[in-house]
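Participant: Quick one: structure below, then a few questions.
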Amino acid sequence: MTLNPKTTKFEFGGPLGVTVLTIFLPILSVVLNELIRSDYYIKGIFQNFSINETLKNITPFSSLLQLTFNKQVWTYYLTWFISLLVFDTILPGKYMNGCELRDGTKLTYKINGISMVTLLILILSVRWNLTNGTMPELQFLYDHILELCLVTIVFAFILSIYCYAVSFIPLLGSKRNGQDGKEKVLAVGGNSGNLIYDWFIGRELNPRFFFNIIDIKMFCELRPGMLLWLLINLSCLHHHYLMNDGEINDALLLVNILQAFYIFDGVLNEEGVLSMMDITTDGFGFMLAFGDLTFVPFTYSLQARYLSVSPITLGYTRCILISTIMCIGYYIFHSSNMQKSNFRQGKLENLKSIQTKRGTKLLCDGWWSKSQHINYFGDWLISLSWCLTTWFQTPLTYYYSIYFATLLMHRQIRDEEKCHAKYGKSWEEYQRKVPYKIIPYVY
Ligand code: NDP
């Protein structure tokens, strides 16, 4: 069997589609960040919104170019990225194997989310002056969001071009089946031979640098973007606190707490990522580099950014309602993922399942009898709870739930194709037993 079969089926509309996405997604991130600015954010659906005013206020392209090459912001960002890389490498953690690759090997991953989070909390508590509630770094972050967003876009371009280029260099210095210089394992979807398409999807499945110590895909998935998202949220709280003489807005505090919980949960349970499609199937190209480094921190934080300039007092009832939606979503998301993971480890043999020809079983009991991707439904409810913190004052912040629903539906289609090709008749039997895709009785 060929180690790296040629990609014959294109996704995202092929080379043309990915070219459009490469241009559109960075523009969308900048536009969303511009619209949220205090001087002309969309206040209400019909209220105070004028296309002319919006166009007049938008930062001109020449200024955007200037902002992109702000030396101070580049220095801060590179310091952030490199420090995280260094700490990730030196901080202690446990080692776990990833899934089996097509060449029969398994990569080892260092799991040290708890050490990274502890370090970040330590740095924040040392730097944050609790007597006057200030931290200059957080204010700098808040004041330079647009520049930082632009810097991460350029950085994602550079990183993905580099990863694409090194994907052609055979594995040197590392032994695969006891031999040096073996062919690298490429992503099934990123080996079409079309430069732009493979660069976007990611050609190499698991690019590793510095004598294979740094797994750049795993690192980007959970460190620079996720933790920056947390800091941006905190910077909004910090800014609002300073602007309002120490007053803390309940909606802003709530979105900070809910999202911090989600971020910490992701980083502290990072071994869960090892079985995710991003790690097992997708290569590391512009799609993931941009998604992890730009899209997550700069668009997932829009609710907090909006509330920092346009606070809403939610009151106890609405806070409890929103928290309940988040808790239900989290319960479905977490317990369904745990159930599948425990089942795959052979811990829940009493649950009904379908034996596949490949030797593994498809769970069709418990959460996995409700829908084929009940975990996506839980995750989507979580996203809705975050948008609700801005209540119904603006449609802008609801972009996240809409985008996330699209992402999850597209992911479900990709996963269905993958599982159908992998499990054939067993997958069809599973689909008959569990007909709903994501939301039970709806879709
Ligand atoms: P899943 O965790 O659902 O994994 C799908 C894989 O699980 C399939 O390819 C198959 O893999 C296996 N599988 C599917 N059905 C069954 C079954 N019934 N029994 C046993 N195994 C089964 O999907 P993802 O990797 O896409 O997502 C993981 C989590 O990450 C989700 O909860 C999702 O919501 C979240 N997520 C969050 C994002 C964000 O930006 N916040 C972005 C994307 C995902 P195999 O080949 O091993 O059989």
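Participant: Is one or more of the residues making up the range 164-185 under 27 Å from the mean Cα position of the chain (by Cα), farther than 21 Å from Ile213 by Cβ and open to solvent by less than 30 Å² (accessible area, probe 1.4 Å)?
Facilitator: Looking through the range 164-185, none of the residues is under 27 Å from the mean Cα position of the chain (by Cα), farther than 21 Å from Ile213 by Cβ and open to solvent by less than 30 Å² (accessible area, probe 1.4 Å).
Participant: Okay, moving on. Does the range 345-366 include one or more residues that are polar (S, T, N, Q), near the ligand (Cβ under 10 Å from one of its atoms) and surrounded by 21 or more Cβ atoms within 10 Å (Cβ to Cβ)?
Facilitator: Residues of the range 345-366 that are polar (S, T, N, Q), as a first pass: 345, 350, 353, 355-356, 360.
Now narrow it down to the ones that are near the ligand (Cβ under 10 Å from one of its atoms): 353, 356, 360.
The next check asks that each one be surrounded by 21 or more Cβ atoms within 10 Å (Cβ to Cβ); those that pass are none.
No, every residue in the range 345-366 fails to be polar (S, T, N, Q), near the ligand (Cβ under 10 Å from one of its atoms) and surrounded by 21 or more Cβ atoms within 10 Å (Cβ to Cβ).
Participant: If you check every pair at least six apart or on different chains, which have Cβ atoms under 7 Å apart with a residue in the range 263-278 that is within 12 Å of the ligand (Cβ to nearest atom) first and a residue that is among the acidic types (Asp, Glu) and open to solvent by less than 30 Å² (accessible area, probe 1.4 Å) second?
Facilitator: Taking only residues 6 or more apart or on different chains, the pairs are Val273/Glu221; Met277/Asp415; Asp278/Glu221.
Participant: Let me ask you something else. Do any residues in the range 105-124 that are part of a strand (DSSP E or B) have Cβ atoms under 8 Å from those of residues that are surrounded by 17 or more Cβ atoms within 10 Å (Cβ to Cβ) and acidic (Asp, Glu), where the two are at least six apart or on different chains, and which pairs are they?
Facilitator: Leu107/Asp215; Tyr109/Asp215; Lys110/Asp88; Ile111/Glu270
Participant: Another question, then. For residues that are open to solvent by 70 Å² or more (accessible area, probe 1.4 Å) and more than 10 Å from the ligand (Cβ to nearest atom), tally how many sit in the range 430-443. Working first, answer last.
Facilitator: At the first step, the residues of the range 430-443 found to be open to solvent by 70 Å² or more (accessible area, probe 1.4 Å) are 432-433, 435-436, 441-443.
Add one more test, that the residue is more than 10 Å from the ligand (Cβ to nearest atom), and what stays is 432, 435-436, 441-443.
Going through the range 430-443 one residue at a time, the tally reaches 6.
Participant: Still on this structure, please answer the following. Within the range 318-377, can you find the residues that are small (Gly, Ala, Ser) and either over 27 Å from the mean Cα position of the chain (by Cα) or more than 18 Å from Leu274 (Cα to Cα) (or both)? Give the steps one after another, and end with the answer.
Facilitator: Looking only at the range 318-377, we keep the residues that are small (Gly, Ala, Ser), and these are 323, 329, 335-336, 341, 346, 353, 359, 366, 369, 371.
Hits for the range 318-377 are Ser323, Gly329, Gly346, Ser353, Gly359, Gly366, Ser369, Ser371.
Participant: Report, ordered by the first and then the second residue, all pairs with beta carbons closer than 8 Å, sequence separation of six or more or different chains, a first member in the range 161-175 that is within 15 Å of Leu186 (Cα to Cα) and at pLDDT below 85, and a second member that is open to solvent by less than 60 Å² (accessible area, probe 1.4 Å) and part of a loop (DSSP other than H, G, I, E, B).
Facilitator: Pro170/Gly181; Pro170/Lys184; Leu171/Gly181; Leu171/Lys184
Participant: Across the range 284-310, what is the total count of residues that are within 12 Å of the ligand (Cβ to nearest atom), open to solvent by 10 Å² or more (accessible area, probe 1.4 Å) and of a type outside the set (A, V, I, L, M, F, W, C)?
Facilitator: Total meeting the criteria: 3.
Participant: Out of (1) more than 9 Å from the ligand (Cβ to nearest atom); (2) outside the structural domain of Asn206 (by TED's automatic domain parsing); (3) open to solvent by 30 Å² or more (accessible area, probe 1.4 Å), the odd one out for Ser371 is which?
Facilitator: All conditions are met except number (3).
Participant: Which residues, counting only those in the range 86-120, are touching a Pro at 6+ places or on another chain (Cβ under 8 Å) and closer than 25 Å to Asp282 by Cβ?
Facilitator: Initially, the range 86-120 is screened for residues touching a Pro at 6+ places or on another chain (Cβ under 8 Å), giving 112, 115.
Residue satisfying the conditions is Asn112 alone.
Participant: I need the full set of residues from the range 227-283 which are of a type in the set (A, V, I, L, M, F, W, C) and open to solvent by 60 Å² or more (accessible area, probe 1.4 Å), in order please.
Facilitator: Of everything in the range 227-283, those that are of a type in the set (A, V, I, L, M, F, W, C) and open to solvent by 60 Å² or more (accessible area, probe 1.4 Å) turn out to be Leu242, Met243, Ile248, Leu253, Ile257, Phe261, Leu268, Met276.
Participant: Here's another thing I want to ask about it. Could you give me the residue pairs with C-beta distances under 7 Å whose first residue belongs to the range 129-141 and is outside any helix (DSSP H, G or I), whose second residue is surrounded by 14 or more Cβ atoms within 10 Å (Cβ to Cβ) wherever it lies, and which are 6+ apart or on separate chains?
Facilitator: Filtered contacts from the range 129-141: Asn129/Met135; Gly133/Tyr241; Thr134/Leu242; Met135/Trp128; Met135/His238.
Participant: In this structure, does Gln259 turn out to be away from the ligand (no atom under 12 Å from the Cβ) and either of a type in the set (S, T, N, Q) or touching a Ser or Thr at 6+ places or on another chain (Cβ under 6 Å) (or both)? Even if it seems obvious, please write down each step before you answer.
Facilitator: Numbers: away from the ligand (no atom under 12 Å from the Cβ): no; either of a type in the set (S, T, N, Q) or touching a Ser or Thr at 6+ places or on another chain (Cβ under 6 Å) (or both): yes.
In short, no.
Participant: So which residues in the range 311-332 are outside any helix (DSSP H, G or I) and open to solvent by less than 30 Å² (accessible area, probe 1.4 Å)?
Facilitator: Going through the range 311-332, the residues outside any helix (DSSP H, G or I) turn out to be 311-314.
Ile312, Leu314 - these are the residues of the range 311-332 that are outside any helix (DSSP H, G or I) and open to solvent by less than 30 Å² (accessible area, probe 1.4 Å).
Participant: Look through Asp103, Asp88, Asp143 and report the one residue that is at pLDDT below 90, charged (D, E, K, R) and out of contact with any Asp or Glu (no Cβ under 8 Å at 6 or more places or on another chain).
Facilitator: Being at pLDDT below 90, charged (D, E, K, R) and out of contact with any Asp or Glu (no Cβ under 8 Å at 6 or more places or on another chain) holds for just one of Asp103, Asp88, Asp143, which is Asp103.
The values are calculated or read from the model by the stated rules, or taken from the named source; none is laboratory data. Computed from a prediction, not measured in an experiment: that's the story for all the values here. Because the Cβ atoms are built from the backbone with ideal geometry, glycine has one as well, and the counts that use them run over all protein chains shown. SASA here: full protein model, heavy atoms, side chains in, ligands and nucleic acids out. Shrake-Rupley method; radii C 1.70, N 1.55, O 1.52, S 1.80 Å.
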